[in-house]
1. Cut-off 10 angstrom, C-alpha nodes, Gaussian network model of the chain. Which of 72, 187, 134 fluctuates the most?
2. What are the ³J(HN,Hα) values, in whole Hz, obtained from phi via the Karplus relation 6.51 cos²θ - 1.76 cosθ + 1.60 with θ = phi - 60°, for each residue of the stretch 135-145 in sequence order, with x given for Gly and Pro?
3. Need one word for the stretch 105-202: rounded, prolate or oblate. Basis is the Cα gyration tensor (sqrt eigenvalues a ≥ b ≥ c); a/c below 1.5 gives rounded, then a/b vs b/c decides.
4. Given the -39500 (n - 2.57) contribution per DSSP H run of 4+ residues, what per-residue ellipticity at 222 nm results for the chain, rounded to the nearest 500 deg cm²/dmol?
5. Scan the chain and hand back the longest stretch that contains none of the trypsin sites (Lys or Arg not before Pro) lying in DSSP loops with at most 11 other Cβ atoms within 10 Å.
6. How high is the FRET efficiency between residue 79 and residue 40 when r is their beta carbon distance and R₀ equals 30 Å, given to the nearest 0.05?
7. Tabulate in residue order the Karplus-calculated ³J(HN,Hα) for the stretch 87-95, using 6.51 cos²θ - 1.76 cosθ + 1.60 with θ = phi - 60°, rounded to whole Hz; enter x for Gly and Pro.
8. Quick check: the angle from helix 118-134's long axis to the longest principal axis of the chain, C-alpha only, nearest 10 degrees?
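Please treat every number below as a calculation from the coordinates, not as lab data. All values reported here derive from a predicted model rather than from experimental measurement. Methodologically, a virtual Cβ is constructed for each residue, glycine included, from the backbone with ideal geometry; neighbour enumeration extends over all protein chains shown.
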Amino acid sequence: MINKQMGVGMIEVLVTLFILSVGLLGVAYLQFVGSFTNSEALSRSQSVLVAQQLTERLRANAAFTPIGDGLVVHNDYFDPSLYNFSGMTCTGGGLPHTCYCLSLPATIPNCNDNVCTAAEIAEFDAYETSCSAVAANPEIKISLTCNDNDLADVHACSVGSKHVVTLTWPVQKWQNIDRTLNPVCNVGLATPHDCISVDLTL
């Protein structure tokens, strides 16, 4: 007499567990990759918004000049020491946004509540855009440069010159695979960086 098998055998249980484990590992891998790429996407989107914010500030504070008959911004906008909290110290420690941006430092002019000179507005704008930059990623650095088309005049960025807003942040290799790096983002840097760049001509 042939006995019929009832229920599920050990082999079937083990095979089911193996298939389930492989599936769960795949889901966990996708979650890890997703969080990795989401972090980079957040840095990039935040940087684009900050760059656009600074270009709008430049447009708002540009003034006419008789030299070249057009708009220019104050030379202090191109002072790198005004960005990224250069020269500031944080007594409490912590992330840059917590250190410098929760309250206005005494050394920064308050141009929201007071009348400021053009130089003070440049310092205030540099501070506020630096705070916006590190809000999502504390490692983001911001810079403003100019492709000056007239080095002989008094303006750091002459009429018709291209203003370049650049935000840079470090990136990591994925599973020790070398990334294709943008050379513009890695000038003078020892570790891999990514960046965004926005051009503006007043």
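1. So, out of 72, 187, 134, the one fluctuating most is 187.
2. Result, rounded to whole Hz: 4, 9, 9, x, 9, 6, 10, 10, 8, 10, 10.
3. oblate
4. Helix-only estimate at 222 nm: -12500 deg cm²/dmol.
5. The answer is 5-172.
6. Here the calculated transfer efficiency is 0.50.
7. x, 8, 10, 10, 6, x, x, x, 6
8. It is inclined by approximately 0 degrees.
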